[in-house]
Amino acid sequence: MERVGFSDDVVEAFKDAVRGMELGEVRHTVGARRYGGSWFALLTALVVALLLGGLTTWGVVLVRQEPEIPFPLYIGFSLGYGLTLAALGIGWGKRPGVRHPATWVVVWDGGMAWLAEGRSPVAVRWDEIEEARHTVTSVRDGFGKEVNRTHRLLVVPAPRPVRHAPLYLEPAFPEVERLAHFVTDRAPVV
């Protein structure tokens, strides 16, 4: 993920969302957006699709020429075309230039707010959070040594007159570990 700065519009949206709420001092501010893909990922997926398509075509032609090859094998080779289409779809999703929506998070002493690009901000006090879940995933090698550790954060606001969308921060989100520790120390944890 790449960091995204706070534009004037985003700052104004947060000010409007927290107007009248006494939240104290700002502790953390961060914004990020997922990368839009790369030419390498696109070309890799297209090469895999080309290989799958070629092998599938070769298999179907071979099965048609050899009558003693069982029919299930013919069906298996035909399903390879579906895999080829799936690889093409994955490649299309990896194309560069795709703009993913950004997410901004601001944490105060008394609560937090988040804004997904194109939506309205959600501001809550710590007692207005229904659930805050900090998930730590640890990957270990065969000797028990930790190889990788990732953090995720899920924040579900309590239903007020309207239920707002929860905040979900992926492991690649900048400072997700610091945010998760800060939020789960103050909000109800499940």
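The values are calculated or read from the model by the stated rules, or taken from the named source; none is laboratory data. Just so we're clear, the structure is a prediction, and the values are computed from it rather than from any experiment. Here the Cβ is made from the backbone with ideal geometry for all residues, glycine too, and neighbour counts use every protein chain on show.
Among the residues of region 31-74, those that are of a type outside the set (Phe, Trp, Tyr) and exposed (fewer than 12 other Cβ atoms within 10 Å of the Cβ) comprise VAL61, ARG64, GLN65, GLU66, PRO67, GLU68, PRO70, PRO72.
Select from region 10-26 the residues that are surrounded by fewer than 17 Cβ atoms within 10 Å (Cβ to Cβ) and either farther than 27 Å from ALA172 by Cβ or under 24 Å from the mean Cα position of the chain (by Cα) (or both) and list them in ascending order. Spell out the reasoning first.
Residues of region 10-26 surrounded by fewer than 17 Cβ atoms within 10 Å (Cβ to Cβ): 11-12, 15-16, 19-22, 24-26.
Answer for region 10-26, where residues must be surrounded by fewer than 17 Cβ atoms within 10 Å (Cβ to Cβ) and either farther than 27 Å from ALA172 by Cβ or under 24 Å from the mean Cα position of the chain (by Cα) (or both): VAL11, GLU12, LYS15, ASP16, ARG19, GLY20, MET21, GLU22, GLY24, GLU25.
Against the test of being touching a strand residue (DSSP E or B) at 6+ places or on another chain (Cβ under 9 Å) and either among the hydrophobic types (A, V, I, L, M, F, W, C) or within 30 Å of ARG160 (Cβ to Cβ) (or both), the options ALA116, ALA45, ALA49 yield a single qualifying residue, ALA116. Name the one entry in PHE173, PHE143 that is of a type outside the set (Gly, Ala, Ser), at pLDDT 85 or above and buried (at least 16 other Cβ atoms within 10 Å of the Cβ). Just a single option satisfies the conditions, and that option is PHE173. Is it the case that some residue within region 155-165 is among the aliphatic types (A, V, I, L, M), under 22 Å from the mean Cα position of the chain (by Cα), in a strand (DSSP E or B) and exposed (fewer than 11 other Cβ atoms within 10 Å of the Cβ)? Scanning region 155-165, I find no residue that is among the aliphatic types (A, V, I, L, M), under 22 Å from the mean Cα position of the chain (by Cα), in a strand (DSSP E or B) and exposed (fewer than 11 other Cβ atoms within 10 Å of the Cβ), so the answer is no. Across region 176-190, a minimum of one residue is classified as loosely packed, with under 12 Cβ neighbours inside 10 Å and either modelled with pLDDT under 90 or in contact with a Leu (Cβ under 8 Å, 6 or more places away or on another chain) (or both). Which numbered condition in (1) farther than 20 Å from GLU25 by Cα; (2) surrounded by 12 or more Cβ atoms within 10 Å (Cβ to Cβ); (3) in contact (Cβ under 8 Å) with a residue 24 or more places away in the chain is the only one that ARG149 fails? Of the numbered conditions (1) farther than 20 Å from GLU25 by Cα; (2) surrounded by 12 or more Cβ atoms within 10 Å (Cβ to Cβ); (3) in contact (Cβ under 8 Å) with a residue 24 or more places away in the chain, the odd one out for ARG149 is (3).
Of the residues TRP92, TRP114, TRP104, which is at pLDDT 80 or above, of a type in the set (Phe, Trp, Tyr) and farther than 18 Å from GLU12 by Cα? Before you say what the answer is, go through the steps one by one.
Values: TRP114 fails: farther than 18 Å from GLU12 by Cα; TRP104 fails: farther than 18 Å from GLU12 by Cα.
Only one candidate passes the filter, namely TRP92.
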